[in-house]
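Take a look at the structure below.
The values are calculated or read from the model by the stated rules, or taken from the named source; none is laboratory data. Source: prediction; values computed, not measured. Accessible surface is based on the protein model in full, side chains and every heavy atom, while ligands, DNA and RNA are left aside. Shrake-Rupley method; radii C 1.70, N 1.55, O 1.52, S 1.80 Å.
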Amino acid sequence: MKILKAYSMLTTIIVLFVLLQGAVVTKTGSGQGCGTTWPLCFGKVIPYNPTLETIIEYTHRLISSVAGILVLITDLNLICT
């Protein structure tokens with residue numbers, strides 16, 4: 001049970017980081033830094049020759065994806081216990 005608690009805390013911290021990154025994306029106007037080709041960035045998995053806006057948006061997408069997977073795993077662990 002201690003492992004689940006530590007894992008949940010880690011997931012919470014990563015989700016908080018996603019929220020802070022979302023604020024940076026909004027504040028810098030980087031929302032279209034990867035264009036409209038979600039989940040890809042300008043049709044590519046890794047953008048080639050990115051601008052600052054692209055880097056901000058791309059890292060936000062990566063961290064959000066990881067956080068989403070961690071939340072799903074946490075939910076599955078809580079359901080199964």
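Taking θ as phi - 60° and the Karplus parameters 6.51, -1.76 and 1.60, the scalar couplings of the stretch 10-20 work out to 4, 4, 4, 5, 5, 5, 4, 4, 4, 5, 5 Hz in sequence order, x denoting glycine and proline.
Counting only protein heavy atoms and using a 1.4 Å probe, the accessible area of C41 comes to about 0 Å². Rolling a 1.4 Å probe over the protein heavy atoms of the chain, with every protein chain left in place, gives an accessible area that is 75 percent carbon and sulfur. Largest first, the residues L19, L62 sort by 1.4 Å accessible area into L19, L62. Per residue, the chain reaches -25000 deg cm²/dmol at 222 nm when only DSSP H runs of four or more residues are counted, each adding -39500 (n - 2.57). Ordered by solvent-accessible area of protein heavy atoms (1.4 Å probe), largest first, the residues V25, V66 come out as V66, V25.
Pull out the extension gain between I73 and L10, defined as 0.36 nm times the separation in residues minus the alpha carbon to alpha carbon distance; nm, one decimal. Net length gain for the segment: 21.5 nm. Taking every Cα-Cα distance in the chain and sorting them into 5 Å bins from zero, the calculated P(r) comes out as 3, 16, 22, 18, 15, 11, 9, 6, 2, 0 percent.
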